[in-house]
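Working notes for the structure below.
Read-outs: derived from the displayed coordinates by stated rules, not from any lab. Fair warning: this is a prediction, and the values are worked out from it, not measured in the lab. With ideal geometry, Cβ positions are generated from the backbone for all residues, glycine too; neighbour counts draw on all protein chains shown.
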Amino acid sequence: MNLQSTKKSGGCAMQLGSGQGKLAPLVGSLLCLVVAILFVSGCNDDDPPVVVPPDSPPDITLFTADSTSFDAGYDVTFGIRASDDVGLDSAVFDYGDKSKRTFLLNGIKHFAPFYQREYGVAGFYTTTLTVFDKKKQTAQASIEFMVYPSPDSTPSTLKPSFFRKNHFQN
């Protein structure tokens, strides 16, 4: 009677006691055993466990403007580069003049537009870019601007009502 048993070791099936007297099954089993030992010995109890890094907040690697000092009416061009490992949800511009613009990004991982915006009134402004990822983590960057009165706003081009209200009252 020929008894066969199967023993699992490292994913290989070994046949013992084949009774056939053939060397090939024994060599194959021995090779499978060596591979299993090498695989298991590659992991050491002293090795640190594999740690999956936590979700990191978005990253703004670029937030620039082509000018930070200009006359009112100028279209300033912003350069932006933001990214996130999970995906970006939105980007919000706060222009510092009580106006905002929101870009819905719908999970894209990289956001890199050039964007233009006009500042129409003279003053000092801080424009802030806030980027949100899908987990509502944020990153912020700011640029400060000095907007000068437009050279076109000389007294000859101002509306008459401006002079009546502001300059010719007694």
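Here are the numbers for the structure shown:
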| item | result |
| --- | --- |
| Surrounding net charge for Asn106, when Lys and Arg each add one and Asp and Glu each subtract one, Cβ distance under 10 Å | 0 |
| Charge context of Tyr74, other residues only, Cβ under 12 angstrom, K/R +1, D/E -1 | -4 |
